[in-house]
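All remarks here apply to the structure that follows.
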Amino acid sequence: MSVRGLAGTALRTACAAAVVAGAWEVQRRRDLRAVEADPEWHELNRRIPGREQTVRAGDGTRLHAEVYGPDDAPTIVLVHGWTCDLTFWHYQVRDLSRYFRIVAYDQRGHGRSDVPQSDDCYTADTLASDLQSVLDACVPDRRPVLIAGHSMGGMTVVAWAGRHHDVVRERLAGAVLVNTGMNELQARLLILGPLAGARVHRALLPPLINTSRSYSSRFEPISYRLIRRLNVSSHASPGVGAFVHRMELSCPAPVRAGFGRLFTDLDLSGSVPSLAVPAVVIAGEEDRLLPPWHSRQLAAGLPSLVELAELPGVAHMAPLEAPGEVTSRIRQLAAETLAAPVAVPAG
């Protein structure tokens, strides 16, 4: 090819790249405007004042916890899931702290808690031990509590019950398990659609989930849509999608990968019968990460199931997508299993 031909090709390539980059930026700004116009984005970014508390886990890892609501009220403990943090429970903290004492904490490596220094820490035993440390530090006088767990948080609750039978009998009044599963976590994925099957999911997804490679936390059209696809339904507002996008990309890569590897062979089904307290299970009918099959199986194994609720039009982030449905069930179970709640004025 002549010099003139090479120059022409280079010019056309550069022009095409500029057009693509321009279109990309136009879409990015359009997405950002939609997010900024969404009241849910502003509500989710409104900090709810809490009383900060530092918890030392059994291995010395520092866990960040916050306490909300009146100290003389019955206690609800909230346990978030993989790649999230305690702000995930914004709506539940906002509404329940009027009546209950709420304890929420960042799981190790998430939010403001310390990143583990050893790869050996990414186990169900460690998650269970951390929950016990939070109970010991944040719930005085060994009061009975209700615990709600989402996704990996639900796994944490069941793992804890399986390892602390005596504490379950003494301190746990009830449990709410949301968008969670106990086994076959990769085999049941529906991210690529039901026709893809377990073999395709196992081949394509673990390299993405288990890699320690860091991803840019910058708001970009592709990552925003991918995270929406994974976590929320098409009905979710732009603000909810952007909130999840930012929260998940803020999780340190080694933590994302460490707990991602845990899910490969995790099987907590043997611990489910140990959760012998009144329990509510909540599923999202459109959950692609932990489809309703998991919730049905979990509900079938619980000794004292109160309700299995499958929420239509809701995906993996039910506490964010359907906060009223989730909050009302937590509140109802807490009112039935704990002492009478303390009402405090709104605002």
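With respect to Val280, is the statement that it is buried (at least 21 other Cβ atoms within 10 Å of the Cβ) and assigned by TED's automatic domain parsing to the domain that holds Leu177 true? Yes, satisfied. Does Pro70 satisfy the condition of being within 27 Å of Phe219 (Cβ to Cβ) and either in contact with an Asp or Glu (Cβ under 6 Å, 6 or more places away or on another chain) or modelled with pLDDT of 95 or more (or both)? It is false that Pro70 is within 27 Å of Phe219 (Cβ to Cβ) and either in contact with an Asp or Glu (Cβ under 6 Å, 6 or more places away or on another chain) or modelled with pLDDT of 95 or more (or both).
Just one residue in the set Glu248, Glu307, Glu220 is at negative phi and assigned by TED's automatic domain parsing to the domain that holds Val77; that residue is Glu307. Restricting the range 218-252 to residues that are under 25 Å from Arg188 (Cα atoms) and small (Gly, Ala, Ser), the residue that is surrounded by the fewest Cβ atoms within 10 Å (Cβ to Cβ) is Ser234.
Taken as a whole, the range 246-257 holds no residue that is modelled with pLDDT under 90 and touching a Phe, Trp or Tyr at 6+ places or on another chain (Cβ under 7 Å).
Just checking, which of Thr83, Thr87 is modelled with pLDDT of 95 or more, assigned to a loop (DSSP other than H, G, I, E, B) and within 17 Å of the chain's Cα centre (by Cα)? Explain how you work it out, then say what you get.
Values: Thr87 fails: assigned to a loop (DSSP other than H, G, I, E, B).
The match here is Thr83.
Answer yes if at least one residue in the range 48-60 is of a type in the set (S, T, N, Q) and either within 21 Å of Val103 (Cβ to Cβ) or out of contact with any helix residue (DSSP H, G or I) (no Cβ under 7 Å at 6 or more places or on another chain) (or both), and no otherwise.
So the first thing to find is which residues in the range 48-60 are of a type in the set (S, T, N, Q), and the list is 53-54.
Next, from what is left, pick out any that are either within 21 Å of Val103 (Cβ to Cβ) or out of contact with any helix residue (DSSP H, G or I) (no Cβ under 7 Å at 6 or more places or on another chain) (or both): 53-54.
The answer is yes; a qualifying residue exists.
Restricting Val79, Val115 to residues that are closer than 24 Å to Thr264 by Cβ, surrounded by fewer than 21 Cβ atoms within 10 Å (Cβ to Cβ) and touching a helix residue (DSSP H, G or I) at 6+ places or on another chain (Cβ under 9 Å) narrows the list to Val115.
The values are calculated or read from the model by the stated rules, or taken from the named source; none is laboratory data. Predicted, not measured: the structure shown is a model, and the values here were computed from it. FYI the Cβ positions are ideal-geometry reconstructions off the backbone, even for glycines, and counts take in every protein chain you see.
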